[in-house]
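Down below is the structure, laid out as structure tokens.
Values in this text are rule-based calculations from the coordinates and carry no lab data. What you see is a predicted model; the values in this text were computed from it and never measured. Cβ placement follows ideal geometry from the backbone for every residue including glycine, while neighbour counts extend to all protein chains displayed.
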Amino acid sequence: MSQKDLEARLDDLETRLAFQDDIINTLSEQVAKQELELRELWEAKQLMHKQLKEVSPSNIKREEEETPPPHY
């Protein structure tokens, strides 16, 4: 291989590396944003769960508390 061919290949590899670094940084930022959103959703779910537990008890009885239907 000639010196020019090696330089061209090296330039190509450096260009690819630069694009890969940019893509990796972009993906890393996106993952960080999604992690924050996921934490917010988890906290909202926990709050909703807590609020549902605090609501007055349901009028629906548990299965073991129900009287059997008349055809039994």
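Structure above, values below:
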read-out	value
From the coordinates shown, Rg and Dmax of the Cα atoms in Å corresponds to which of [x] 11.3, 36; [y] 11.0, 30; [z] 30.4, 95	[z]
Computed lengthening from Ala8 to Leu41, 0.36 nm per intervening residue step minus Cα-Cα distance	7.0 nm
Charge-dipole axis of the chain as Lys and Arg at +1 and Asp and Glu at -1 on Cβ define it, positive-most pick from Leu41, Leu6, Pro70	Pro70
Degrees between helix 3-54 axis and first principal axis of the chain (Cα, 0 to 90, nearest 10)	10 degrees
Loop-located GluC sites (Glu not before Pro) in the chain, at most 13 other Cβ atoms within 10 Å (DSSP)	Glu66
